[in-house]
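Q: This is the structure, below, for whatever I ask next.
Only the coordinates and a few stated rules stand behind these numbers; no lab work does. Keep in mind it's a predicted model, so treat the numbers as computed, not measured. Please note: Cβ atoms are built from the backbone with ideal geometry, for glycine as well, and neighbour counts cover all protein chains shown.
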Amino acid sequence: MSSIQLCFWIRGPFSHVAHAQIPENRALDSQVDGFVAAWEQYGSQKAIIVFVVEEERCRNVFGQRLSEFTVMERHPSITVRRYSLRQIAEDAELKSDKTLFIHGSEVAIVYFRTGYSPDHYPTEKEWIARLKIERSRAIKCPCISYHLAGTKKVQQELAQPGVLEKFLEDPKAVSRVRATFAGQHTLEMGLEGDRTVQMAMRCPEDYVMKPQREGGGNNIYGEDIKTVINKLKGSEERTAYIIMDLICPAVVQNYLMRPGDRPKLQGSSCELGIFGVFMADGDRVLHNKQGGHCLRTNHSSTTAEGGITVGNAVMDSPYLV
């Protein structure tokens, strides 16, 4: 919903709200602009965009379809098709020049809306599809390197002293970025990992234990951290996790509106995410823009995951003061 639409809906009960206090959110427009820029960069007018989706129980179908229809509305010459990883494994063909074809259509962009969890790869076919896509010259969103860059272990390594300096030359910029990091602690085998275990066992309520997974519902909190660590003990399986300092946000009073639940004033905390659209060819950056925002508000009594999908948060809108 754009800021103009939002202002229209709240004008009655909140007539004092100024339009400028609710920032415009062009998340969908920015995403579509990125797709069009990538399609044009690929350079084939007949090439299609492929959305890789779940074969069964596609929970995010409405958001996916909105992106798909908006691309084709803005640029009628672009065709978007939806395929599962299994369908790509069975029906896609990789030519000798690394061009990817499926059902006779050349593929310019592969946009992953699935493939972020181990259960998205139940058979060897899904892995074959992923390898076929990665080996192709189609533009991947994300490619495997960017996919891995989002894992918790890479985030932990980026927080190590001296690592950011490899990517940012300005010391002031390094300081500003590092100031946003929560404490990240390794669980690698060895003395440092053992110290992390002892630290988390002493005060588990101060930390969150994170696996190398995307999305909500996977993190471990409080006394459950002690349970998992005791279960893993000296096993190398503990290296699949990291320990992060628990973020304690400010609590404010707000109304959370959910289907079937009467709104009531309650403590809440907010989490702001900024979208970005980035395209590169090796070290050459072709497109790099801020692409809107997502604000979600969690019930303050929620001690575990604060995600919308898991039912502990609602979508919200920033109000600038």
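Q: Between LYS95 and ASN230, what is the label-to-label distance in nm when each label sits 7 Å out along the Cα-to-Cβ direction?
A: 6.1 nm
Q: Let me ask something else. Determine, for MET257, MET199, the number of other Cβ atoms within 10 Å of each Cβ, and report the residues in order from fewest to most.
A: Details: MET257 11, MET199 14.
The order, fewest Cβ neighbours first, is MET257, MET199.
Q: What is the fewest-to-most order of GLU68, GLU73, GLU56, GLU271 by other Cβ atoms lying within 10 Å of their Cβ? Display every interim value, and only then the final one.
A: Values: GLU68 20, GLU73 10, GLU56 5, GLU271 15.
Least crowded to most crowded, the residues run GLU56, GLU73, GLU271, GLU68.
Q: Where is the GNM fluctuation largest for the chain (alpha-carbon springs, 10 angstrom cutoff): TYR83, TYR221, TYR146?
A: In this elastic network of the chain, the residue with the biggest mean-square fluctuation among TYR83, TYR221, TYR146 is TYR146.
Q: LEU272: net charge of surrounding residues, Cβ under 13 Å, Lys/Arg +1, Asp/Glu -1, itself excluded?
A: Working: positive: ARG296; negative: GLU271, ASP316.
Charge balance in the 13 Å sphere: -1.
Q: If you don't mind, there's one more thing I want to ask. Please identify the trypsin sites (Lys or Arg not before Pro) of the range 184-282 that satisfy two criteria: DSSP loop assignment and at most 10 other Cβ atoms within 10 Å. Which are they? Write out the running numbers ahead of the final one.
A: Numbers: sites: ARG195, ARG202, ARG213, LYS226, LYS231, LYS233, ARG238, LYS264; in loops: ARG213, LYS233, LYS264.
When the trypsin sites (Lys or Arg not before Pro) of the range 184-282 are filtered for loop state and at most 10 Cβ neighbours within 10 Å, LYS233, LYS264 remain.
Q: Next question, about the same structure. When Lys and Arg each count +1 and Asp and Glu each count -1, what net charge do the other residues less than 13 Å away from GLU205, Cβ to Cβ, add up to? Working shown, then result.
A: Numbers: positive: ARG202, LYS226; negative: ASP206, GLU223, ASP224, ASP245.
It works out to a net charge of -2.
Q: If you take the square roots of the eigenvalues of the alpha-carbon gyration tensor of the chain and sort them as a ≥ b ≥ c, do you get rounded (a/c under 1.5), prolate (a/b over b/c) or oblate? Please list the in-between numbers first.
A: Working: a/c = 1.66, a/b = 1.14, b/c = 1.45.
In terms of gyration-tensor shape, oblate.
Q: Here is a further query. What spacing in nm lies between the two simple spin-label points modelled at GLN45 and SER117, each 7 Å away from Cα in the Cβ direction?
A: That separation, rounded to one decimal, is 4.3 nm.
Q: Ranking HIS19, HIS293 by Cβ neighbours within 10 Å, fewest first, what do you get?
A: Values: HIS19 13, HIS293 16.
With the fewest neighbours first, HIS19, HIS293 line up as HIS19, HIS293.
Q: Of all trypsin sites (Lys or Arg not before Pro) in the range 58-143, which ones are in loop regions per DSSP and have a Cβ with at most 16 other Cβ atoms within 10 Å?
A: Within the range 58-143, the qualifying trypsin sites (Lys or Arg not before Pro) (loop, at most 16 other Cβ atoms within 10 Å) are ARG59, LYS95, LYS98, ARG137.
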